[in-house]
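Asker: Structure below; questions to follow.
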Amino acid sequence: MAAKTPFRVEVLTPEGSCFDGDVVQISTRTKTGSIGILARHQPLLGMLEPTELRLYRSESEILTYAQGEGYIQVSPDGVLVLVEEAHEPGSLDVADLREKLRRASDALASAQAGTEEARRAATDKRRWETFLRIAEGAAA
Amino acid sequence: MSATQRDVKNRIGSVKNIQKITRAMEMVAAARLRRAEQRIEHLRPYAAAIRRMTRQAADAAGTEITGLPIFHEHESEETVALLLVTGDRGLAGAFNSQIIRAGLRAARGLEDDGRTVRYSAVGRRGVSTLTFRGKDPIGRYVGFTDRPSYADAREIAGELVTAYVDGKADRVEIFYNGYISPLTQEVRRETLLPLQQATILEGGDGDDGDASGDDAASGASHHALVEYEPDADEILARLIPDYVEISIYRALLESTASEHGARMTAMRNASENAGELIEDLTLEMNRARQAEITQEIMEVVAGAESLT
């Protein structure tokens, strides 16, 4: 199989740039589902959901991050991934995530359906569940 | 050595110890200040990118963004939420007290106009002072003012936006120490909600930097071909509340930088003060010693004279 064309990707968080370099493929998840991006992808603006972000530096070298909510912008010059959080799986704290998940679940249970409060709690819960899964995957 | 001499010597010793502590605190604050400044720098590219995306999505979206509940001015303004950003620790000059003073003064003004005030506070100092004054803060956010993370800002923004959208507050204001330089901080009072349209559609505070130029050029050429996932309106609906998070995060970072700056200045003054005190005390001790020596010589001379 012919080698894939590399393209530039930058992963930015409010706390600084977390990756900036060439990759051959990105896989992540938008609001509408999982998505894989190769070089020369059609321009896209998408909303990202918490998931495991994979950056393929080559077929065998894959960087993974636990990504929070964010946005992805694909343009002819490269890909820009803007996420609220990006952690290396090894740096996640399982006990801390369990605690956060518990609090989010409690908040969701006590919130009235249809309110902004409920919507926020549901978002938090989904994020911590995803991170917990990634963290436990990394620990196993 | 006489009793006065020993007293003065002890005092010099203790002032020297204090000086060592204040010097160390000054140095720690200086190091942390540099890190806090860097974090403000790190936020810039993210904020600029969010701004660019918002413009792109706003161009493509069919609806006016002003339709979002976060922009709606409530019909009557009965409840105002105030968020006071202080630090977890003291010993930073007027850093904490000036925020609390400004917040309470504003609250008095609002209450005189017949409005209800809901307090929230960041930092142990703010929380404990408000509680002491019987103004129990509803939101208490403590333990991170040395190094606030975006998740902290998201939590605060979440609760404030929720209160606003669900009608528990009709306006949200934030008080924080804006960072100008290590020596200068100013109390800033800003309205967070309803979200000001100006903060989004106009550049304004220098986040854009070089972005606006290439944005105009590239935006026009390929925006018709861009695929939106999900549609632009939905993306826009989530991008806009991010401004509240970013504003709060920036305020937290600036407040942290200001706190370290204020502490550095306060501790430098304390060290200088200790230095002066040591000089004065040393002088006093020398004088006491000289007086004692003179006294002894007088006694010796008097004794010798009585023999002859």
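The values are calculated or read from the model by the stated rules, or taken from the named source; none is laboratory data. Predicted model only: the values in this text are computed from it and were never measured. Neighbour counts run over all protein chains shown; Cβ positions are idealised from the backbone, glycine included. Ligands, DNA and RNA are stripped out before the accessible areas are found, and what is left, the full protein with its side chains, is counted by its heavy atoms. Shrake-Rupley method; radii C 1.70, N 1.55, O 1.52, S 1.80 Å.
Yes/no per residue for (1) touching a Gly at 6+ places or on another chain (Cβ under 8 Å); (2) surrounded by fewer than 18 Cβ atoms within 10 Å (Cβ to Cβ):
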{"residue": "B:ASP59", "(1), (2)": "yes, yes"}
{"residue": "B:HIS74", "(1), (2)": "yes, yes"}
{"residue": "B:ALA81", "(1), (2)": "no, no"}
{"residue": "B:ARG89", "(1), (2)": "no, yes"}
{"residue": "B:GLY93", "(1), (2)": "no, no"}
{"residue": "B:ASN96", "(1), (2)": "yes, no"}
{"residue": "B:ARG101", "(1), (2)": "no, yes"}
{"residue": "B:GLY109", "(1), (2)": "no, yes"}
{"residue": "B:ARG118", "(1), (2)": "no, no"}
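Asker: Would you mind stating whether A:SER75 is among the small types (Gly, Ala, Ser) and facing chain B (nearest Cβ under 8 Å)?
Answerer: On the way: among the small types (Gly, Ala, Ser): yes; facing chain B (nearest Cβ under 8 Å): yes.
Yes, satisfied.
Asker: Another one. Can A:GLY68 be described as in contact (Cβ under 8 Å) with a residue 24 or more places away in the chain and under 22 Å from B:ILE235 (Cβ atoms)?
Answerer: Taking the combined requirement at face value, the residue satisfies it.
Asker: I've got another one for you. Consider B:ILE248 carefully, then state whether it is within 14 Å of chain A (Cβ to nearest Cβ), more than 26 Å from B:GLY178 (Cα to Cα) and open to solvent by less than 50 Å² (accessible area, probe 1.4 Å).
Answerer: Answer is no for this residue.
Asker: Here's a follow-up. Which of the residues spanning segment A:81-102 are under 27 Å from B:TYR164 (Cα atoms), in contact (Cβ under 8 Å) with a residue 12 or more places away in the chain and open to solvent by 60 Å² or more (accessible area, probe 1.4 Å)?
Answerer: Result: no residue meets the conditions.
Asker: If A:SER60 passes every condition in (1) free of Cβ contacts under 8 Å to residues at least 24 places away in the same chain; (2) more than 14 Å from chain B (Cβ to nearest Cβ); (3) within 17 Å of the chain's Cα centre (by Cα) but one, which one does it miss?
Answerer: Here A:SER60 clears every test but (3).
Asker: In segment A:107-135, which residue that is part of a helix (DSSP H, G or I) and open to solvent by 80 Å² or more (accessible area, probe 1.4 Å) is nearest to B:ALA169 (Cα to Cα)?
Answerer: A:ARG119
Asker: Still on this structure, please answer the following. Could you tell me which residue of segment B:132-150 is surrounded by the fewest Cβ atoms within 10 Å (Cβ to Cβ), considering only residues that are in contact with a Lys or Arg (Cβ under 9 Å, 6 or more places away or on another chain) and within 14 Å of another protein chain (Cβ to nearest Cβ)?
Answerer: Per the stated criteria, the residue is B:GLY143.
Asker: Would you mind listing the strands (runs of 3 or more DSSP E) fully within segment A:4-65 where at least 3 residues are closer than 26 Å to B:ALA47 by Cβ?
Answerer: Once the strands (runs of 3 or more DSSP E) in segment A:4-65 are filtered for at least 3 residues that are closer than 26 Å to B:ALA47 by Cβ, what remains is A:7-13, A:16-23, A:25-30, A:44-48, A:51-56.
Asker: Could I ask something else about it? Among the listed residues B:ARG44, B:ARG105, B:ARG125, which satisfies the condition of being within 19 Å of the chain's Cα centre (by Cα), within 14 Å of chain A (Cβ to nearest Cβ), within 24 Å of B:ARG189 (Cβ to Cβ) and not in a loop (DSSP other than H, G, I, E, B)?
Answerer: B:ARG44
Asker: Going by the structure shown, is B:ALA288 modelled with pLDDT under 95, more than 14 Å from chain A (Cβ to nearest Cβ) and open to solvent by less than 50 Å² (accessible area, probe 1.4 Å)?
Answerer: yes
Asker: From the list B:ASP166, B:ASP136, B:ASP152, pick out the single residue that is in contact with a helix residue (DSSP H, G or I) (Cβ under 6 Å, 6 or more places away or on another chain) and of a type in the set (Asp, Glu).
Answerer: Only one candidate passes the filter, namely B:ASP166.
Asker: Same structure, new question: Specify the residue that is least open to solvent (accessible area, probe 1.4 Å); the eligible residues are those in segment A:29-57 that are touching a helix residue (DSSP H, G or I) at 6+ places or on another chain (Cβ under 9 Å) and away from chain B (no Cβ under 13 Å).
Answerer: A:THR51
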